[in-house]
Amino acid sequence: MIILKDVSKIYRMGDNEFYALDHANMHVQEHEFVSIIGPSGSGKSTLMNIIGCLDEATEGEYFLDGQEIRSYSQTQLARIRNKKIGFIFQSFNLIGRMSAWENVELPLIYQRVPVRERRERVAQSLERVGLYERREHQPNELSGGQQQRVAIARAIAVEPTLFLADEPTGNLDSHTGEEIMGIFRELHEAGNTIVLITHDSGIASQAQRRINIMDGHVTEVD
């Protein structure tokens, strides 16, 4: 599903160059659960942004589902971000004035999913993460773990082929973090492809395979 070949992300400051990613090579197969682990400043977020088509590499090639990403138009890239990839962030990225139901429903409205199908998908997604009974609650009425469950439900509702999670347990206590990881394991067992980015070795070890990143250098671990 994902192939990176000698991918670099270079930031230039005057005459100086800084490699946020330095000739990274990696692959992720369909239905695989992979963790990417590294400390703060290692290049994890840069790698996630490139995989998620939120940013472009300076050098190298990125193939998604067999097609080089540079061959896509901006409209096609937007469609990939909206339909193919389910994003889950450390900060949840929920809209405070909206209920859990409305937060999950919002991307489906942007996709112009018919009302009846939209309602079914939202209900099923909230049920799947155990929050259907809290569907009318706004984010400030939910715990951190519950907010992350809403964020996961929002990603599930889009029915993506790839879940891309950036530090999904980073703001949570260990018990709540383990509950969230349980949801990811269930999603993987259901056949979904998951790429999870973390600094926590305990979280990373729960994936099928681990990829290490340090100072922009990527090392695959079977």
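Applying 1/(1 + (r/R0)^6) with r as the Cβ-Cβ distance of Glu127 and Asn171 and R0 = 25 angstrom yields a FRET efficiency of 0.55. Using all pairs of distinct alpha-carbon atoms, the Kirkwood hydrodynamic radius of the chain works out to 18.0 angstrom.
Charged side chains reduced to their Cβ positions (Lys and Arg at +1, Asp and Glu at -1) give the chain a dipole of some 840 debye around its Cα centre.
Counting only other residues whose beta carbon sits under 14 Å from that of Glu68, what net charge do I get with K and R as +1, D and E as -1?
Values: positive: Lys5, Arg70; negative: Asp6, Glu56, Glu59, Glu61, Asp65.
In short, -3.
Helices in the chain, meaning DSSP H runs of at least 4 residues, each add -39500 (n - 2.57). Divided by all residues, the mean residue ellipticity at 222 nm is -10000 deg cm²/dmol.
Quick one: angle between helix 115-128 and the longest Cα principal axis of the chain, in degrees between 0 and 90, rounded to 10, please. Long axis of 115-128 versus the principal axis of the chain: about 80 degrees. Under 18 Å of direct C-alpha separation, and excluding same-chain neighbours fewer than eight residues apart, Lys5 reaches these lysines: Lys44.
Amide H to amide H, with H built 1.01 Å from N, His217 comes under 5 Å of Asp22, counting only residues 5 or more places away or on other chains. Each other residue within a Cβ distance under 13 Å of Gly144 adds +1 if Lys or Arg and -1 if Asp or Glu, for a net charge of -3. Candidate cross-link partners of Lys9 among the aspartates and glutamates, defined by an alpha-carbon separation under 16 Å and a same-chain spacing of 8 or more, comprise Glu17, Asp22, Asp55, Glu56, Glu59, Glu61, Asp215. Annotation for His31 and Asp15: the two label points, set 7 Å from Cα along the Cα-Cβ direction, are 5.5 nm apart. Annotation: for a label point projected 7 angstrom from Cα along Cα→Cβ of Thr58, residues of the stretch 5-29 with backbone N closer than 12 Å are 8-23.
Among Ala157, Ala100, Ala123, determine the one that fluctuates most according to a GNM of the chain built with springs between C-alpha atoms less than 10 Å apart. The residue with the greatest mean-square fluctuation here is Ala123.
Read-outs: derived from the displayed coordinates by stated rules, not from any lab. This is a predicted model, so every value here is computed, not measured. So basically every Cβ, Gly included, is an ideal-geometry build from the backbone, and we count neighbours across all protein chains shown.
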